[in-house]
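Working notes, beginning with the structure itself.
The values are calculated or read from the model by the stated rules, or taken from the named source; none is laboratory data. Please read these numbers as outputs of a predicted model, since none were measured by experiment. Positions of Cβ are generated from backbone atoms using ideal geometry, with glycine treated the same way; all protein chains shown enter the neighbour counts.
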Amino acid sequence: MSTENEGNENDAVPAAPSVPSVPPVPAAAPEGTPPGGDLPASGPDSRGDEPTDRVPAAHQEGGPAPSSDPYGRPAGQTPAPPQQPPAASAAWPPPPPPVPSYADAGSQPWGAPVHPEPKAPRRYRASGLVAAVAVAALVAGGIGGALGYWAADSNGSGSSGSTTVAASNSPKDLKRADGTVAGVAAKALPSVVTIEAQSGDGEGGTGTGFVYDKEGHILTNNHVVASAARSGQLTATFSDGKKYGAEVVGRAEGYDVAVLKLKDAPDGLTPLPLGDSDEVAVGDSTIAIGAPFGLSNTVTTGIISAKNRPVASGDGSSSANSYMSALQTDASINPGNSGGPLLDAGGAVIGINSAIQSTSGGGGMGQSQAGSIGLGFAIPVNQAKNVAEQLIKTGQPVYPVIGATVTMEEKSGGAVISDKGADGTPAVTPDGPAAKAGLKAGDVITKFNDTVVESGPTLIGEIWTHKPGDKVTLTYKRGSETSTVDVVLGERKGDS
């Protein structure tokens with residue numbers, strides 16, 4: 001961590017809860033899903049609109065075959081005329097007529113709805129909904145095929161059909177403007193990769209990255225590659241299916257940024273253009289590209305919901321947290337989107353999708369991973385670019401610091417300078433930036449430049465949007481007095 005808590009966050013007040021952003025695993029099929037049966041042969045006399053797994057057993061084995069007449073009469077038999085009741089009869093009203101053969105729902109398609117036998121309740125694993133939708137799509141596809149055959153057969157037998165009119169422009173003939181979502185996606189997708197990280201023990205996860213330069217550098221999140229950075233394997237797959245091995249150039253745990261380099265990078269790589277995240281406004285359109293739950297090349301849209309949102313998150317493999325003053329978006333972001341680009345309406349990168357907020361840690365319905373509720377957070381690209389250049393140049397990050405350890409309490413009315421630093425060291429580093437500005441243990445920093453500081457993580461996230469040597473203004477309280485001082489930021493190299 002920075003000098004605020006540089007490497008000593010575990011010795012200060014416990015860290016703020018992390019926003020979950022966990023690399024996903026492939027979607028699992030829901031337990032208890034019955035194997036799909038083949039649809040019955042299609043034709044004018046068969047039921048091509050119902051999957052076989054819902055046909056009662058009587059129809060599947062040994063049941064009476066439906067007659068060619070929908071009312072159950074043998075071929076060629078003329079129905080008897082209805083009998084009129086006698087003028088006067090002690091048996092009136094007469095008993096109900098015999099139940100026709102087709103009244104049995106198990107043997108005639110025009111009977112009462114068929115209710116399948118009760119099944120044991122299903123338990124869904126992670127991404128169970130995705131698997132269930134896939135199963136439903138396959139069944140629907142089978143139904144469509146059966147009905148299509150029936151229609152073709154009917155038309156071929158001479159029955160009248162409908163005449164359709166084609167649109168003047170088919171989709172392949174349409175030209176989508178550069179400013180449309182389709183136009184932006186078409187240009188950006190070839191420069192976005194799906195990253196598969198496999199650790200030394202065989203466990204793996206999926207994330208996203210994008211082409212940073214023509215030399216084959218890929219920009220992504222640290223937590224996407226952390227598990228495989230030391231003794232694992234990394235691959236990057238482009239939208240055309242071409243896969244390349246990759247290696248880590250550098251990682252910054254605090255910033256949650258990592259740079260990869262493609263092995264045998266192909267010629268003609270097209271880096272995504274980088275925008276200016278400082279100029280982004282609330283309400284601006286956003287486009288997110290990634291591999292949510294392993295579904296590569298997924299495009300979602302939204303807006304910028306807020307700026308300078310303080311977010312603390314972890315990589316899931318260590319106690320180290322990352323801190324950001326994030327862009328908030330309601331574009332759908334899920335596990336697997338991490339490291340992917342957040343684009344503006346013109347297709348320029350304005351952020352790196354990094355974290356989501358969820359209503360619960362488990363996501364509900366037996367799922368082990370949370371999904372999007374419209375609260376996604378991205379590292380501003382201006383900050384990510386500075387970090388990427390550091391990593392490409394030296395292989396390690398450089399953090400700006402004020403030279404003071406602060407508490408990690410979320411609702412403390414500001415960033416409180418701790419009584420002591422790590423291992424009993426002074427909370428305010430002697431001759432450091434904060435000491436030179438006159439700050440002391442117990443002071444509460446309430447503003448960083450014009451941004452209100454609500455907690456220690458908020459202060460760290462704001463400091464890390466700057467560079468060492470920048471001059472900033474701090475507002476703090478000491479007792480009942482409020483003061484303002486200028487501080488020139490120092491630096492700390494590396495994550496250790």
Right, Lys420: of a type in the set (Lys, Arg) and assigned by TED's automatic domain parsing to the domain that holds Asp330 or not?
no
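For every residue, the table says whether it meets (1) surrounded by fewer than 18 Cβ atoms within 10 Å (Cβ to Cβ); (2) at pLDDT 95 or above; (3) not assigned by TED's automatic domain parsing to the domain that holds Val280.
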position: Ser325; (1), (2), (3): no, no, no
position: Ser332; (1), (2), (3): no, no, no
position: Asp344; (1), (2), (3): no, yes, no
position: Ser360; (1), (2), (3): yes, no, no
position: Gln367; (1), (2), (3): yes, no, no
position: Ser372; (1), (2), (3): no, no, no
position: Thr405; (1), (2), (3): no, no, yes
Let me spell it out: the conditions are (1) surrounded by fewer than 21 Cβ atoms within 10 Å (Cβ to Cβ); (2) touching a residue at least 12 places away in the same chain (Cβ under 8 Å); (3) not acidic (Asp, Glu), and Gly268 meets all of them except one. Which number is the exception?
(2)
With (1) in contact with an Asp or Glu (Cβ under 9 Å, 6 or more places away or on another chain); (2) of a type in the set (A, V, I, L, M); (3) closer than 25 Å to Gln390 by Cα; (4) in a loop (DSSP other than H, G, I, E, B) as the list, and Ala345 as the residue in question, which single condition is left unmet?
(3)
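Check Gly254, Gly250 and return the single one that is over 21 Å from the mean Cα position of the chain (by Cα), crowded, with 20+ Cβ neighbours inside 10 Å, in a loop (DSSP other than H, G, I, E, B) and touching a residue at least 12 places away in the same chain (Cβ under 8 Å).
Gly254
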Just checking, how many residues over the range 199-216 are within 18 Å of Ile350 (Cα to Cα) and either within 18 Å of the chain's Cα centre (by Cα) or outside any loop (DSSP other than H, G, I, E, B) (or both)?
4
Complete set of residues in the range 452-468 that are surrounded by fewer than 16 Cβ atoms within 10 Å (Cβ to Cβ), in contact (Cβ under 8 Å) with a residue 12 or more places away in the chain and more than 13 Å from Ile402 (Cβ to Cβ):
Lys467
